[in-house]
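To keep things clear, I will list the structure first and then write my remarks on it.
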Amino acid sequence: MQERVESSGPNAVTVMRQFLHHRQSEDGLVRSVYKHVNPYQSEEEVPLLFQHKINIPPPARFGVVYYRISIYAVRDEHMPQKGAYDSLRSAGKAQGMGGKCSRIALFLLLMLASSKLWAQGPPYQTDDPVPVDLHHYEFYIFGGVDGTPAEIDSAGPAFEFNWGAIPRVQLHAILPWGGVFPSNNPVYLPGGTGPSAFGLNDMELGVKIAVIKETKRFPQIGTFTMFEIPTGNYDKGLGVGKVWYKLPVWLQKNIGKWTLDGGGGYEVVPQGYYRDFPYTGWLVKKELSERLELGAEVFAHGREGDAAAQTEGSTMIDVGGYYHFKHHPGEQFLLCYGHSVAGQTENYAYAGMYWTWGKEDKTTTARNDWMQGPISGNEFERSAGPGHN
């Protein structure tokens, strides 16, 4: 005890709420404490670390107090003597640099081996309004990473299945395994805390509906509502713990060998320490040959909450494409990588294999052609290209 009193270093101490010697905040949660700047100043309330609830198992959810670092790392404007705490903040950053190489290695491993990932229109984050053809099927095996300095989230192995059940309607399902890897760096408090974990994540179910046909001057428009089912272990951070929703509207316009996709939506997450937020994406693709198509997109999203890796909003630029195997027209390799250009630092990556098959007949073609609109490139792209999730 005497050694701890004399030491000036930061310590993480787990304490029961009722044993805190500070006065409790008005809402009764361990989210703030009162501090005295000096005997002649009025006391002021400063946010204190609240637990990353999704990544801390129930027995440990009493609260963690990082004295001398977390209080000032969260609210710089409350630092009474900036120079006195610069060394402490530098120590926290040094700790983060110490694990930087291991996090980079983990990122590359997941890239090769491979939620909350944004892959809505594989391999891109922007989707499109074109459902799978009637009586056709799509299957993906993929992996990916979406990470910030606060936390890295992975998906993989993950399995996606799409079915053209009825004209203009696609049924969609994803069963993902993945991991959460918080940085536990006090620089990023209150986010990015808790143990790492790997396992089954929340399952995704969705319905894509083509609403308006593409014409010479007007784009095709459709919706792709998704329901995220809480199949993951919430206490380990492998899921949100409640059903949450994605509510987007997407557009597509084909101009020769160029395809333009875009739109946006709103994500509703009715869980503590998460936020509802908007997102938007705009994608340009070009068919370079019968076997290769490349694209680039701008994708942006709002702040997702302190329990997510994306604790702040971000705008990214992603580049990717499809490769069609020569002797297997229904088989493709998909790849995409992107990095933030504004907002919170964020990386996105996706790699996967794609297969499609189905019954080809004149009835099927007639029922779907009127909703497909002009097709970029040749007929091969429509019959063998990804149904874009």
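Derivation of every value follows stated rules applied to the coordinates shown; laboratory data play no part. Please read these numbers as outputs of a predicted model, since none were measured by experiment. Here the Cβ is made from the backbone with ideal geometry for all residues, glycine too, and neighbour counts use every protein chain on show.
For the range 152-167, just list the computed ³J(HN,Hα) in residue order, Karplus coefficients 6.51, -1.76 and 1.60, θ = phi - 60°, integers in Hz, with x standing in for Gly and Pro.
10, 10, 10, 9, x, x, 10, 10, 10, 9, 10, 9, x, 6, 9, x
If you rank Ser196, Ser289, Ser183 by fewest surrounding Cβ atoms within 10 Å, what's the result?
Ser289, Ser196, Ser183
All other residues with a Cβ under 10 Å from the Cβ of Lys286 taken together, and with Lys, Arg as +1 and Asp, Glu as -1, what is their net charge?
Counting the neighbours of Lys286, the net charge comes to 0.
Cα-Cα over 20 Å: which of Lys216/Lys253; Lys257/Lys285; Lys216/Lys286; Lys208/Lys242; Lys285/Lys359?
Lys208/Lys242; Lys285/Lys359
Phe218 to Leu247: FRET efficiency via 1/(1 + (r/R0)^6), r the Cβ-Cβ distance, R0 25 Å, to the nearest 0.05?
0.65
With each label point set 7 Å from Cα along the Cα-Cβ vector, what nm distance links Val268 and Leu205?
1.6 nm
What nm distance separates the two modelled labels at Leu335 and Glu312, each placed 7 Å from Cα along Cα→Cβ?
With each label point 7 Å from Cα toward Cβ, the separation is 3.2 nm.
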